[in-house]
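Below is one structure, written out as structure tokens; the observations come after it.
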Amino acid sequence: MKTHAIIAEFANPGELMHAAEKVRDAGYRAFDCHSPFPIHGMDDAMGLKRSPVGYIVGGMALLGATIGFTLQTWVTTDAYPLVISGKPMFSWQTYIIITFALFVLFGAFGAVFGMFRLIRLPRLHHPLFYSERIKRATDDGFIVSIEAGDPQFDEEATRAFLTSIGGTNIELVRGE
């Protein structure tokens, strides 16, 4: 059976936070922390960078506004120019509603699809699901998992490291 990861359990959120800092400082990069609720400051403890979702949303929103404004300009000035009540061909004030609607629509699509892409969803199965202990993270468990794909991963050395930082119930996650 192939080894996918190693997991260790910690007693409370504070210990999990300190463990994340120690794992980060030890040079591991392919690790994650699992808890039943968000822990303030965990991103910094794990050394995670700011999410690029905001830039994706901003870019998509501007793209949507540009498409909406450009399409309306082209339609009213070139494709179907109609002079109604002496209105000028290019009347940008009337374009604002559709421009704003496409701004919001494209921004929302950028948020949803950008987030899905960055967190690699949909993923119907993760190798950590082979572990029964990982299910405790949804109720009362505080768990650190280090993936076998990490360059520093070595079964015995990683197990000894997790024990040294206070991890209990250490388990190698193996599966197909």
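Out of Thr70, Thr66, Thr76, one residue alone is at pLDDT below 95 and either among the polar types (S, T, N, Q) or assigned by TED's automatic domain parsing to the domain that holds Asp150 (or both). It is Thr76. When segment 30-53 is filtered for residues that are surrounded by 14 or more Cβ atoms within 10 Å (Cβ to Cβ), of a type outside the set (A, V, I, L, M, F, W, C) and more than 14 Å from Gly14 (Cα to Cα), the ones remaining, listed by number, are Asp32, Gly47.
Is it the case that some residue within segment 23-35 is closer than 14 Å to Gly166 by Cβ, touching a helix residue (DSSP H, G or I) at 6+ places or on another chain (Cβ under 8 Å) and in a loop (DSSP other than H, G, I, E, B)? Yes: one or more hits. On the stretch given as segment 75-131, residues that are among the small types (Gly, Ala, Ser), loosely packed, with under 13 Cβ neighbours inside 10 Å and assigned to a helix (DSSP H, G or I) total 1.
How many residues does segment 1-22 contain that are part of a helix (DSSP H, G or I) and in contact (Cβ under 8 Å) with a residue 24 or more places away in the chain?
At the first step, the residues of segment 1-22 found to be part of a helix (DSSP H, G or I) are 13-22.
Then keep just the ones that are in contact (Cβ under 8 Å) with a residue 24 or more places away in the chain; that gives 13, 15-22.
Residues meeting the conditions: 9.
For segment 132-176, which positions are modelled with pLDDT of 85 or more, in a loop (DSSP other than H, G, I, E, B) and farther than 14 Å from Glu9 by Cβ? Result: Ala148, Gly149, Asp150, Pro151, Gln152, Phe153, Asp154.
The values are calculated or read from the model by the stated rules, or taken from the named source; none is laboratory data. Since the model is a prediction, treat every value here as computed from it, not as a measurement. Because the Cβ atoms are built from the backbone with ideal geometry, glycine has one as well, and the counts that use them run over all protein chains shown.
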